[in-house]
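First the structure, in the form of structure tokens, and then the observations on it.
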Amino acid sequence: MDNILTICLHQVLGVLYSISDKSSKVILVIFTILFVVGLIRAFTYWVSTLRSTAILKKDLDGISIRTSASEMSTITDPEIFVNVVQDEKTVTAFTLGFLKPEIYLTSGLIQKFDPDELAIVIHHESGHCARRDPLQSTIIDALSELLWFIPFVGKQSDRLKIAAELACDTVAVENGYARNIVAGLLLKVTEGPSMLNPTPTPAFSSIMDQLEIRVRSLLGENPLAITRIPLKLTLVSVLIALSIVISSSTAIASHLDPGGLATSIQTTSQACADGHPEIDIFQQFGISCPHCGPDSSNEPSDPTCHLK
């Protein structure tokens, strides 16, 4: 009876294997196409980002003056420098550069804020410099482009950027400024014209990005709760990821062992016994033992078979 159940199980598994083998190849082809499209998107984004960053930095360096932060704010550290962009119409601050990021402030922002407020802005931007957020942001965006077909990746990318802003808001708080003061400064920036992000580059704008979330976090709300990714989106992403893993594993297993479960069905190792008393049952299922079955006429009979 055990041998009959084993054979039936092998037959069922054989059918499932056949179905999964074909479907996994189709799924793998689909995801391969999506991944190739992602590679093109990521490469295009990376090249355009490098190019636009170089152009922006060159343009800004031509209209900016490198100045010590201590000359315009209450910061006393003479080693902190900022680049003042001569633009009175815009009110913004951002960090630009990959390996050696620098702080840029517009003259419009300097005119609008007092020295204490400028110190908060500069401390925030110095946090971006220390973390190399422009580089991290570019890498995160490139990964989002690469895995564009997985919704969770894009949402998580946004959360990481928000986390970077919150971390730099904390830098300002750690330098002696109350949370409500920092939050009030963020709201003040919304008054009047502002250059949030002059071009699609990793110029890490530090004032207006995700303003509401930053203010709510500074006032005591849990940022993880505010930026929580919807459960449905997470489940869909998990299913997509599992489909990729399973289809890839099946394809690899099929390549390494073309027979797969078919080999197991044919040999039925555990069902073989001395003399094969249930040989008729094997034949009913179209199964033959390679050692002593009907297809083994060229092999010597082995009463112990292959696995006793």
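The values are calculated or read from the model by the stated rules, or taken from the named source; none is laboratory data. These numbers come from a predicted model, not from an experiment. All Cβ positions, even for glycine, are placed from backbone atoms using ideal geometry, and neighbour counts span all protein chains on display.
Let me confirm something: among Thr106, Thr76, Thr92, Thr67, which residue is closer than 20 Å to Cys168 by Cα, modelled with pLDDT of 90 or more and β-branched (Val, Ile, Thr)?
Every option except Thr106 fails the conditions.
List the residue pairs whose Cβ atoms are under 6 Å apart, where the first residue sits in the stretch 82-101 and is charged (D, E, K, R), the second is part of a strand (DSSP E or B), and the two are 6 or more positions apart or on different chains.
Here the result reads Asp87/Thr106, each pair linking the stretch 82-101 to a residue that is part of a strand (DSSP E or B).
What is the one condition in (1) farther than 21 Å from His123 by Cβ; (2) at pLDDT below 85 that Gly220 does not satisfy?
(1)
Scan Ser205, Ser269, Ser194 and give me the residue that is in contact with a strand residue (DSSP E or B) (Cβ under 8 Å, 6 or more places away or on another chain) and at pLDDT below 50.
Ser205
Residue under question is Ala42, and the condition is that it be under 27 Å from Ile80 (Cα atoms), modelled with pLDDT of 90 or more and surrounded by 14 or more Cβ atoms within 10 Å (Cβ to Cβ); does it hold?
Answer is no for this residue.
Between Gly108, Gly176, Gly154, Gly127, which is assigned to a loop (DSSP other than H, G, I, E, B) and small (Gly, Ala, Ser)?
Criteria check complete, one pass: Gly176.
If I ask for residues that are in a strand (DSSP E or B) and surrounded by 15 or more Cβ atoms within 10 Å (Cβ to Cβ), which ones from the stretch 45-80 would you list?
Ser64, the sole residue that qualifies.
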